[in-house]
């Protein structure tokens, strides 16, 4: 256990397409001291806005791993959480962290089919307006920043790169992880069916659980506290698959 972070486990959050670490900042307060909440900082957004974004999930994982290992510290208790694009990136990070001897207690994936299932409907390659309309359809909402020309000029290339690497994702290995996986989903998610969310069971040789929340693909925007409660319960009990609609 890392003395630097006390006896709290670290909850390492991996952003979804177009998002940056600030999305998870409110989770620090919502965690009420249960976790040290931190985020993967990818190039092309927030403090790294001027850097070229990745277009390949495996390369993004490899490019982030050194900084993540340094931040976690030796012996850290770690849980990974990733939504949508973040889910498959977190899966790749678990493989790399395991190879580095970092103990990951649990992988929590959200809004994602299993890693071997690619999305049938795609946004990659569409013209800007068509692309944004397709992404808005996928996510169920339009980010207001996209209506401001200056912000759109910054955000659009990152969103396009993120969608490209998500939609073209192929796992780096067919070997499952040994870390228990919990798969979360919005009950009315039009992108990911309940059956697809359960595909993650094949991605681990450890335990598997699943839970649903009211809402669509972006249910977690309004459900941070409830998501953290499920992560804590899963970590504490390691229970088998059960469905909760908190």
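Out of all the residues in the stretch 9-22, which are buried (at least 20 other Cβ atoms within 10 Å of the Cβ) and part of a helix (DSSP H, G or I)?
Residues satisfying the conditions do not exist here.
Scan the stretch 207-231 residue by residue and report those that are at negative phi, touching a strand residue (DSSP E or B) at 6+ places or on another chain (Cβ under 7 Å) and assigned to a loop (DSSP other than H, G, I, E, B).
216, 217, 223
For the stretch 138-156: of the residues being surrounded by 14 or more Cβ atoms within 10 Å (Cβ to Cβ) and either at pLDDT 70 or above or touching a helix residue (DSSP H, G or I) at 6+ places or on another chain (Cβ under 8 Å) (or both), which is nearest to residue 222 (Cα to Cα)?
Across the stretch 138-156, the extreme among qualifying residues is 143.
Rundown of residues vs (1) at pLDDT below 90; (2) over 27 Å from residue 176 (Cα atoms), yes/no style:
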residue	(1), (2)
205	no, no
210	no, no
214	no, yes
223	no, yes
227	no, no
230	no, no
235	yes, no
240	yes, no
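Which condition from (1) more than 20 Å from residue 159 (Cα to Cα); (2) part of a loop (DSSP other than H, G, I, E, B) is the one that residue 118 breaks?
That leaves (1) as the condition not met.
Restricting attention to the stretch 63-76, does a residue exist that is surrounded by 20 or more Cβ atoms within 10 Å (Cβ to Cβ) and in a loop (DSSP other than H, G, I, E, B)?
yes
Across the stretch 23-48, what is the total count of residues that are in contact (Cβ under 8 Å) with a residue 12 or more places away in the chain, in a loop (DSSP other than H, G, I, E, B) and closer than 23 Å to residue 76 by Cα?
6
Among the residues of the stretch 157-171, is any more than 16 Å from the chain's Cα centre (by Cα), in a helix (DSSP H, G or I) and free of Cβ contacts under 8 Å to residues at least 40 places away in the same chain?
There is at least one residue in the stretch 157-171 that is more than 16 Å from the chain's Cα centre (by Cα), in a helix (DSSP H, G or I) and free of Cβ contacts under 8 Å to residues at least 40 places away in the same chain.
The values are calculated or read from the model by the stated rules, or taken from the named source; none is laboratory data. Since the model is a prediction, treat every value here as computed from it, not as a measurement. Note: ideal-geometry Cβ built from the backbone for every residue, glycine included; neighbour counts use all protein chains shown.
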